[in-house]
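What follows is one structure encoded as structure tokens, with my remarks underneath.
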Amino acid sequence: MRRWWLLGICCLTMTLAAEGDRPRIGLALGGGGARGLAHVGVLQWLEANRIPVDYVAGTSMGGIVGAMYAMGHTPDELQALLGEMDWTALLQPMPSYGDRSFRRKEDAREYSARLELGLRGGVRTPQGLNAGHPVGLFFSRLAWPFGVLDSFDSLPTPFRCVATDLLDGQAVVLDKGSLPEAMRATMAIPGVFTPVEREGRLLADGALLNNVPTSVLQQMGADIIIAVDVGTPLGDRESLNSLTGVVGQAVGVMIIQNVRASLGLANVALVPDLVGYSSSNYGAVGELIPKGRAACEQKAGDLLRFSVDETTWAQRQAARAARRPSPPVSPTFLQVEAAPATSQQLATRFDRYLEQPVDLRRLEADLGRLYGEGRYARLGYDAVRRDGTFGLRIRAVDKTTGPPFLNTGLNLAGGTSNEFEVSLRARLTALGVGGWDSEWRTDVSIGSTFSLASEYYRPFSGSDLFLAPRAFVTNDRSGLYRAESQIASLRTERIGGGLDLGLNLGRRSELRLGVEYANVNSGVSVGDPTLPRFGDATSRVRLRYVYDSHDDPYVPTRGWRAETELSGWTTALGGEQAMLQWQAQVSAFQRLGRGSLLQLGRIGSSFDKTAPTYATYTLGGPLRLSAYDQDVFRGSHYVYGALGYLHPLGSLPPLLGGRYYLGSWYELGSACERLGEATFRHSLSAGLVGETILGPAAIAASLGEGGNRQVYFAIGNLF
């Protein structure tokens, strides 16, 4: 790093001598979310007209574009880089489903409300909707060649960005240290992105106090200041007819006041025409960049007087390129910045990156998997130097809310002819109980189903094997039907426990072999009191395997999930039933055109036995023969299949949910006591399926045989 820095200084010195007394030009790039992509067009126009930028300062999106330019990227490189980015993935608020550990996948499927609560010191919500992990890794990759800097003046173009300290209400100029952390801090919109803790400060978006940082350029020594304002203008009276409109306008008023003061310090103020583009239009890169060039054209007379001759320009470009370092290669030491309780585990996990060339993609994949375990708010990395040697720094930021963590969910199903069922559910997960990878989780459900269950998950040290003792009590309701007419409501209570020996097969699959013992009581709660009651002690040996490659826990668009379980009910362990049961279910999604092909399959059998009522299989209800009442069909065997198509329509506002689809699906299934007596029913449905803040939801109309029809609404695990 020292060699390239000295070479850059020499080139810069010769360039400055050649340029004589030319005034030093500073470029202030303002914040505005996606509207800030117009900054790239401004940089393109300035370079095309040989107007040098000696200093750059930015806030929020202006800080990000400014940092990328200051690192030595050309404007055309920025356009290519920003145009190829998957903004949806980069700005996603949670770990991608594929990156989550298997147990965190289970959490997301079974407890699908998006907001995770923490119970450290009381019930606490996150500091923001988005911890910024993916975008933080992107910044780490960009800044990797530079490492942790003593001063941002040593970049190819001297740089500053602005953040706001939420603790003392002061603007903070970031001028040294970790460049990725500085970029992450300047964009931390309060409530949207979590703040960044740095040197005892809690930093958020600098737009709150200095959205177009012209004053910072004055402090850096700029003689001429070009300012670019891409902020969202204030709304009209019509936009103030809601609470969100008034709050947004109040924030806008606060920002626009500091912008007006900042533009007063500029020699040239550029305000691109961005009408019709919001701060979230990241997909409009190709449209926004030309807006920046057009704004420069409008002020061409003011700007061109700063143009330099071709020789001077070529010397400047060469000096700037010379200050771009080669990426570091093989780190000799590891530096971990994390809470003391986890730093040693991280050191053990990442020491394999020492003494060999660093594969950044592999490193980011490992950090993504660690992020997917649910312990950290975000992770990042930097190159660091110590006594002339190069090392790797891992930054791990704990969640401020927990552990323990609380995930919640809602199961709701109701139609025009069947009973309304609703259960509120919660899962409390404590991490690191008795070991780094150990977990203790407790599930509670109230409503149509009352249950309490607890499991302790303990991996063997250095192995993928684990032990999982568990205990449970459940009380659920289902209907009893005769000739498709309900004759009673059945309540079944189970109290018991079990012990599983399992094998963690990676992020996608898990295998368990275990024993379970329970007391089961089942009887009529509403209806004919003469119907028989059951009270059995049951024991079984269970073999269960789950594989999950879905791309989303709520409404997948590709991948498949398979779950199969073989149960040997036995009297040898104290049970009163002896039989063999097997069941399996598959849900597969395949991209087809703009949408996805949906395929569902379920099968279960008690082989040559007649199962007691509490161990039978049922069909009926949403996506289980949707045109029929909940659990209307019951038997010792069942088979079911569905084929459908989901066509994307759009997305809900981020605070309300995600994507929603227009779907249609055909279902065929039967539940029977004897395989030879199976009677298959049909159901055809159409409706809306989407991701809401409460979880996956569907509202659909279904038509079956014999006049059976339903218009139903469901929230919960649909697939």
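The values are calculated or read from the model by the stated rules, or taken from the named source; none is laboratory data. As the structure is a computational prediction, the values presented were derived from the model and not from experiment. Backbone-built Cβ (ideal geometry, glycine too); neighbour counts: all protein chains shown. The protein model used for the area step is the full one, side chains on, heavy atoms only, and it has no ligands, DNA or RNA in it. Shrake-Rupley method; radii C 1.70, N 1.55, O 1.52, S 1.80 Å.
Touching a residue at least 60 places away in the same chain (Cβ under 8 Å) and more than 23 Å from D551 (Cβ to Cβ), is that true of G716?
Criteria not met by G716.
If I ask for residues that are closer than 26 Å to Y97 by Cα and crowded, with 18+ Cβ neighbours inside 10 Å, which ones from the range 383-398 would you list?
I394, R395, A396, V397
Condition check ((1) of a type in the set (D, E); (2) assigned to a helix (DSSP H, G or I); (3) open to solvent by 60 Å² or more (accessible area, probe 1.4 Å); (4) modelled with pLDDT of 90 or more) across all residues:
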position	(1), (2), (3), (4)
G136	no, yes, no, yes
R141	no, yes, yes, yes
P145	no, no, no, yes
D153	yes, yes, yes, yes
C161	no, no, no, yes
T164	no, no, no, yes
V172	no, no, no, yes
M183	no, yes, no, yes
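Conditions tested, residue by residue: (1) touching a residue at least 40 places away in the same chain (Cβ under 8 Å); (2) part of a loop (DSSP other than H, G, I, E, B).
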position: G414; (1), (2): yes, no
position: R427; (1), (2): yes, no
position: V433; (1), (2): no, yes
position: L452; (1), (2): no, no
position: Y457; (1), (2): yes, no
position: A468; (1), (2): yes, no
position: T474; (1), (2): no, no
position: R477; (1), (2): yes, no
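Going by the structure shown, is A698 under 29 Å from the mean Cα position of the chain (by Cα), under 26 Å from T613 (Cβ atoms) and crowded, with 16+ Cβ neighbours inside 10 Å?
no
May I ask you to list the residues in the range 274-313 that are open to solvent by 60 Å² or more (accessible area, probe 1.4 Å), aliphatic (A, V, I, L, M) and under 26 Å from G72 (Cβ atoms)?
L304
Collect the residues in the range 316-337 that are open to solvent by 30 Å² or more (accessible area, probe 1.4 Å) and either basic (K, R) or under 30 Å from E199 (Cβ atoms) (or both), keeping them in residue-number order.
Scanning the range 316-337 gives R316, R324, S326, P327, V329, S330, T332, L334, Q335, V336, E337.
Restricting to the range 564-585, count the residues that are open to solvent by 30 Å² or more (accessible area, probe 1.4 Å), in contact with a Ser or Thr (Cβ under 9 Å, 6 or more places away or on another chain) and under 30 Å from D99 (Cβ atoms).
Matching residues across the range 564-585 total 2.
So which residues in the range 350-365 are loosely packed, with under 15 Cβ neighbours inside 10 Å, under 26 Å from the mean Cα position of the chain (by Cα) and in a helix (DSSP H, G or I)?
Matches in the range 350-365: L360, R361, R362, A365.
If you go through the range 65-94 one residue at a time, how many are open to solvent by 30 Å² or more (accessible area, probe 1.4 Å), outside any helix (DSSP H, G or I) and not aliphatic (A, V, I, L, M)?
The number of residues fulfilling the criteria is 5.
Which of the following residues is more than 30 Å from the chain's Cα centre (by Cα), buried (at least 18 other Cβ atoms within 10 Å of the Cβ) and among the acidic types (D, E): D107, D54, D99?
Sole residue among the options that is more than 30 Å from the chain's Cα centre (by Cα), buried (at least 18 other Cβ atoms within 10 Å of the Cβ) and among the acidic types (D, E): D54.
Inside the range 115-134, can you point out the residues that are touching a strand residue (DSSP E or B) at 6+ places or on another chain (Cβ under 8 Å), part of a loop (DSSP other than H, G, I, E, B) and among the charged types (D, E, K, R)?
Passing the criteria: only E116.
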